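Each remark here refers to the structure printed beneath this line.
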Amino acid sequence: MSVAITVKDVVKRYGETTVIPGLTTHIGRGEFFTLLGPSGCGKTTLLRMLAGFNTVESGDIFFNDVRINDVEPSKRRIGMVFQNYAIFPHLSVRKNVEFGLRNMDVPRKEVRSRAEEYIELVQIERWADQMPDRLSGGQQQRVALARALVTSPEVLLMDEPLSNLDAKLRVEMREVVREIQKRVGITTVYVTHDQEEAMAVSDRIAVMKDGVIQQLGTPRELYHRPANLFVGGFIGRTNVLDGQLHVENGQTLVTVAGATLVVPGLPGAADAVGPVKVAVRPEEFVLDSSATTGIPAVVDHGVFLGINTHYFLTLRDGTAVEVIQESEFDEVLEPGAEVFLDVKRHKINVFDRDGATNLRTGSTAAQQQVPA
Amino acid sequence: MTTILTTPETKARRSRPLGLDVWTTVSLALLLLFGLFLLYPMFGVLKESVVDPDGGLTLSHFVRFLANDYYVGTVRNSFVVSIAVTVVSLAIGVPFSYFYTYYRLRGAKLLFVGAVLSCMSAPFIGAYAWILLLGRNGVATQLLESVLPFKIGSIYGFGGIVLVLSLKLFPLVSVYMNAAFRSIDGSLLEAASLMGSTGLRRVWQVMIRLTVPTLLAASLLVFMRAFADFGTPMLIGEGYRTFTVEIYNQYLGEVGQNHNFAAAIGIIGVIVTAAVFLFQKFAANRFSFSLKAGSPVQKRRPRGIGGALIYAYMYVLIALAMLPQLYIVYLSFRNNNQVVFLPGYSLDNYRMAMGRLLGRSVYNTIMFAVVALAIIVLVSVLLAYLVVRRANPVNNFVDTVSMLPYIMPGAVIGIGLVIAFNSPPLALTGTAVVMIVMLVIRRMPYTIRSATATLMHLPMSIEEAARSLGASKLKAFWRITVPMMGAGVASGAVLSFVAIVTEMSAGIILYNNRTITLTMSAYVAITRGSYGLACAFSAILTVLTAVLLAIYLRFTREEDVRM
């Protein structure tokens, strides 16, 4: 039943301001596709264009081969879960779930049985005949999910559905969302600003900024090989170090804060000789207190968090960095201790001087726009 | 350990044997005031209704009432006409609110001000102006009948009352429904449309259903106002007798006064309103649910033929609602010889009014209103505090008692005060004091409600913070709580002021030459058939309320307007 969605050169303007300057992407059948980005990046705008609540200034949106730009929201066969759930407060849970079916020509008997089926799917049987204001946020979100799915829509749209829940419930509910989406097999477009949540649920994630998709890929690709510095910083945590890249004897060398490292696997290196940005995630540093070579650094302080210990250090050029290490029994690095850092060279990313291109993949935001 | 810990505390408590702190004193004082000025007069009405001329107990007045279809008919008429007014007000007020809330209309502010103005105008001005327009010698009647081949229907009676009161009371529905429509979260409507609920279907399935609690509340208000209204049926009702008119005739009528019988009719009226009130509460409970505030729906520009119709509806409705007041102001400048209007314009009517207690009327009106309002605000704030922060049986009892006037027609309150304070030790009848007491009682419930609601939204922790920083209970109240309640209470107070200025149905029983107000003067002039004088007084009253409201609306956000 589910469809593939194609978005072609879509433009959105509010008066003089252009929110989305021209966006193209493709969402596969049954895919869990997430729009991720900071607030104001245009992700909700795009979602609402898919739903039909926002007009499309130019460009086209297709569900399979059908252009739906001018199709009424009610005719698009869409289920939607809203940030504030949008549960009808005057209807019981069951009536909420049945609402959409009652507006279709579904026989009364079937309305009841189909609603029951989805009420069971999201496990809210116990509250089925209560009024929704008695329900907790997580339960309300389950109702919203059942209500969105019960009409067997072709697309499920979710607009920051978990952002009103507390942290623990958010983790629980994202598993629920993911599991139900897989079971139903519906094409899903999900909007969030929480990168961890996005990685937990998505097949693919489009990281957006200023109405442009910065990178489109699987959670793994985004984390390990961010297309640019923005994505690298937005997904997970990253230390950005200023470096100088030069090529000697066919080897790519990067000088960072008083140390020169050999970094293999940079196909774009020859064109990027000069200043670069080196992105090192906290766990990509190697902190060995007995090391005598590497990037010299002074320990500022350490935070013991159980599994890991986070160290905050200052490099010779004044850059503050964060290092994550597995905690050991006897490890005590006092503030002021001088150490040498190494990096996991195959993992770190090197970007050109303005952080727009990853020298490992050579990809830029513009190239990522090509439909997958 | 526990005993040791609790002992000092117990001792500390014992040092104030009765727990008589400031607030306990306040609540006893309020209990005394309400007992004296509300319960005692009401008890008086009840007593009056069950005594015979010799002082014995009797139910003969009720029997006489119930046995006579004419008398039962007056209550039935009041009931039927009030229901009709409620239905018509909803029918015109809900679309008004819908268009007002969901469309970006040109002149929206003007429409809103017009609606509030017509709603707050003095109760009988609408009726009087419509009689001058569409009555037997009305301008519009003569004009239409000279053009039309048939006679236009009579404005007098049932239809006239419904016309006048609906045009006056639909803004009540609108003000309430504006707030209700505004509070519907946009995503609820989007969710509905995704589930196949669009257009009129969505209006019914979602928007109206979501606003049922508000609809019920507004209906009750309109019903109560229509049911207790005296001026309109008196002037335009003619053969269609309502019970308020009957009370008046029985109590002050030129022939066959019967105070006991009037009291009995009053009691029956109160029983009816109480029943309606309880029925509404029951219905409201069945439909109660909590609506989370969210982002309101974006307003659209009305377009095409539909847009034109929306504009026509809004402006014609407001024009009709404003017409009586504008017409009265216009007529107040027309020359006349008391019985017919003559060509030409002058200030003669106003000159004549000066000779008929205009100065005293204006002075009394303002003075009574200011004093009454001060008392209302003070008592409301204190009572709200007691009920919200220190709920106990005494305070809750006072709170309930304070709401009684809400269901009592003004005439009943008027009679009660006359009976209670006609003789020593408290011979207040005919004094300014009794007028002020009446105004306070009549308007108090509204201000108490708004003060209570405001206080409920203030977190207790703010006061606790003040107390923890060393402020005394009283200081915390005056310096922290009262200022924070200020805006909410003040906005209600101004509307109370206007309502007090145009108070009529209880005043008519209590006023005399010394305590006459503008409203009374206008009404007296109307009943004496003196066109010019009536129009002059009415115009002054209209302009006064308009100016007050204009100032009020200038400084109040529309969301805070509560009537």
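Just a yes or no: is a residue in segment B:279-295 open to solvent by 40 Å² or more (accessible area, probe 1.4 Å), free of Cβ contacts under 8 Å to residues at least 24 places away in the same chain and farther than 30 Å from B:Ile413 by Cα?
Within segment B:279-295 (the criterion being open to solvent by 40 Å² or more (accessible area, probe 1.4 Å), free of Cβ contacts under 8 Å to residues at least 24 places away in the same chain and farther than 30 Å from B:Ile413 by Cα), the answer is yes, since at least one residue qualifies.
Give the number of residues within segment B:202-225 that are within 14 Å of chain A (Cβ to nearest Cβ), open to solvent by 20 Å² or more (accessible area, probe 1.4 Å) and polar (S, T, N, Q).
Summing the residues that are within 14 Å of chain A (Cβ to nearest Cβ), open to solvent by 20 Å² or more (accessible area, probe 1.4 Å) and polar (S, T, N, Q) in segment B:202-225 gives 2.
Per-residue answers, yes or no, for (1) buried (at least 21 other Cβ atoms within 10 Å of the Cβ); (2) modelled with pLDDT of 85 or more; (3) in the same structural domain as B:Tyr523 (by TED's automatic domain parsing):
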{"residue": "B:Phe79", "(1), (2), (3)": "no, yes, no"}
{"residue": "B:Thr86", "(1), (2), (3)": "yes, yes, no"}
{"residue": "B:Pro95", "(1), (2), (3)": "no, yes, no"}
{"residue": "B:Cys119", "(1), (2), (3)": "yes, yes, no"}
{"residue": "B:Phe124", "(1), (2), (3)": "yes, no, no"}
{"residue": "B:Ser174", "(1), (2), (3)": "yes, yes, no"}
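Against the conditions (1) open to solvent by less than 40 Å² (accessible area, probe 1.4 Å); (2) hydroxyl-bearing (Ser, Thr, Tyr); (3) away from every other protein chain (no Cβ under 14 Å), where does B:Ser197 fall short? Just the number, please.
(3)
What are the pairs with Cβ atoms under 9 angstrom where one residue, in segment B:150-178, is in contact (Cβ under 8 Å) with a residue 40 or more places away in the chain and among the polar types (S, T, N, Q) and the other, located anywhere, is part of a loop (DSSP other than H, G, I, E, B) and open to solvent by less than 10 Å² (accessible area, probe 1.4 Å)? Sequence gap at least six, or different chains.
Close Cβ pairs (under 9 Å, with a partner that is part of a loop (DSSP other than H, G, I, E, B) and open to solvent by less than 10 Å² (accessible area, probe 1.4 Å)) amount to B:Asn178/B:Val561.
When you check B:Ala451 against the structure, is it in a helix (DSSP H, G or I) and surrounded by fewer than 22 Cβ atoms within 10 Å (Cβ to Cβ), yes or no?
On the way: in a helix (DSSP H, G or I): yes; surrounded by fewer than 22 Cβ atoms within 10 Å (Cβ to Cβ): no.
Taking the combined requirement at face value, the residue does not satisfy it.
Which residue, of B:Leu358, B:Leu382, B:Leu347, B:Leu373, is assigned by TED's automatic domain parsing to the domain that holds B:Ser461, modelled with pLDDT under 85, out of contact with any strand residue (DSSP E or B) (no Cβ under 8 Å at 6 or more places or on another chain) and open to solvent by less than 40 Å² (accessible area, probe 1.4 Å)?
Unique residue meeting the criteria: B:Leu358.
Matching residues to (1) touching a strand residue (DSSP E or B) at 6+ places or on another chain (Cβ under 8 Å); (2) farther than 13 Å from B:Phe261 by Cβ:
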{"residue": "B:Met42", "(1), (2)": "no, yes"}
{"residue": "B:Lys47", "(1), (2)": "no, yes"}
{"residue": "B:Val51", "(1), (2)": "yes, no"}
{"residue": "B:Asn77", "(1), (2)": "no, yes"}
{"residue": "B:Val87", "(1), (2)": "no, yes"}
{"residue": "B:Tyr103", "(1), (2)": "yes, yes"}
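Take segment A:51-66 and flag every residue that is among the aromatic types (Phe, Trp, Tyr) and either over 14 Å from A:Val3 (Cα atoms) or more than 24 Å from the chain's Cα centre (by Cα) (or both). Don't jump to the end; show me each part of the working.
So in segment A:51-66, the residues among the aromatic types (Phe, Trp, Tyr) come out as A:53, A:62-63.
Once the filter is applied, which keeps residues that are among the aromatic types (Phe, Trp, Tyr) and either over 14 Å from A:Val3 (Cα atoms) or more than 24 Å from the chain's Cα centre (by Cα) (or both), segment A:51-66 yields only A:Phe53.
Residues that are out of contact with any Leu (no Cβ under 8 Å at 6 or more places or on another chain), over 19 Å from A:Gly185 (Cα atoms), within 11 Å of chain B (Cβ to nearest Cβ) and surrounded by fewer than 23 Cβ atoms within 10 Å (Cβ to Cβ): does segment A:132-143 have at least one?
Yes.
Mind listing whichever residues of segment B:454-488 are closer than 12 Å to B:Arg389 by Cβ, open to solvent by 40 Å² or more (accessible area, probe 1.4 Å), touching a residue at least 24 places away in the same chain (Cβ under 8 Å) and more than 24 Å from the chain's Cα centre (by Cα)?
Selection gives B:Met460, B:Lys473.
Which of (1) within 18 Å of the chain's Cα centre (by Cα); (2) open to solvent by 10 Å² or more (accessible area, probe 1.4 Å); (3) at pLDDT below 85 is the odd one out, the single condition B:Asn513 does not satisfy?
The one condition B:Asn513 does not meet is (1).
Of all the residues that make up segment B:15-32, how many are at pLDDT 85 or above, surrounded by fewer than 16 Cβ atoms within 10 Å (Cβ to Cβ) and either under 21 Å from B:Val270 (Cα atoms) or of a type in the set (A, V, I, L, M) (or both)? Step through it out loud before you land on a result.
To start, the set of residues in segment B:15-32 that are at pLDDT 85 or above comprises B:24-32.
Subset that is surrounded by fewer than 16 Cβ atoms within 10 Å (Cβ to Cβ): B:25, B:28-29, B:32.
Adding the requirement that they be either under 21 Å from B:Val270 (Cα atoms) or of a type in the set (A, V, I, L, M) (or both) leaves B:28-29, B:32.
Number satisfying all stated conditions: 3.
Residues that are crowded, with 23+ Cβ neighbours inside 10 Å and within 14 Å of chain B (Cβ to nearest Cβ): list the strands (runs of 3 or more DSSP E) wholly contained in segment A:22-82 that include at least 3 such residues. I'd like the intermediate steps shown before the answer.
Working: elements: A:32-36, A:58-63, A:78-81.
Output list reads A:78-81.
For A:Arg170, are the conditions met, namely being of a type in the set (Lys, Arg) and touching a strand residue (DSSP E or B) at 6+ places or on another chain (Cβ under 9 Å)?
Values: of a type in the set (Lys, Arg): yes; touching a strand residue (DSSP E or B) at 6+ places or on another chain (Cβ under 9 Å): no.
The answer is no for A:Arg170.
Please state which one of B:Ile161, B:Ile155, B:Ile184 is assigned to a loop (DSSP other than H, G, I, E, B), more than 14 Å from chain A (Cβ to nearest Cβ), open to solvent by less than 20 Å² (accessible area, probe 1.4 Å) and of a type outside the set (Phe, Trp, Tyr).
From the options B:Ile161, B:Ile155, B:Ile184, the qualifying one is B:Ile155.
For the subset of segment A:83-131 comprising residues that are of a type in the set (S, T, N, Q) and within 8 Å of chain B (Cβ to nearest Cβ), which member is most open to solvent (accessible area, probe 1.4 Å)?
So the residue we want is A:Gln83.
Would you pick out the residues in segment B:299-336 that are within 16 Å of B:Phe537 (Cα to Cα) and in a loop (DSSP other than H, G, I, E, B)? Outline the logic, then answer.
Taking segment B:299-336 first, the residues within 16 Å of B:Phe537 (Cα to Cα) are B:324-336.
Across segment B:299-336, the qualifying residues are B:Ser332, B:Phe333.
The values are calculated or read from the model by the stated rules, or taken from the named source; none is laboratory data. Given the structure is predicted, the values throughout are model-derived calculations rather than measurements. Backbone-built Cβ (ideal geometry, glycine too); neighbour counts: all protein chains shown. Note: accessible area is taken over every heavy atom of the protein model, side chains too, but ligands, DNA and RNA are not part of it. Shrake-Rupley method; radii C 1.70, N 1.55, O 1.52, S 1.80 Å.
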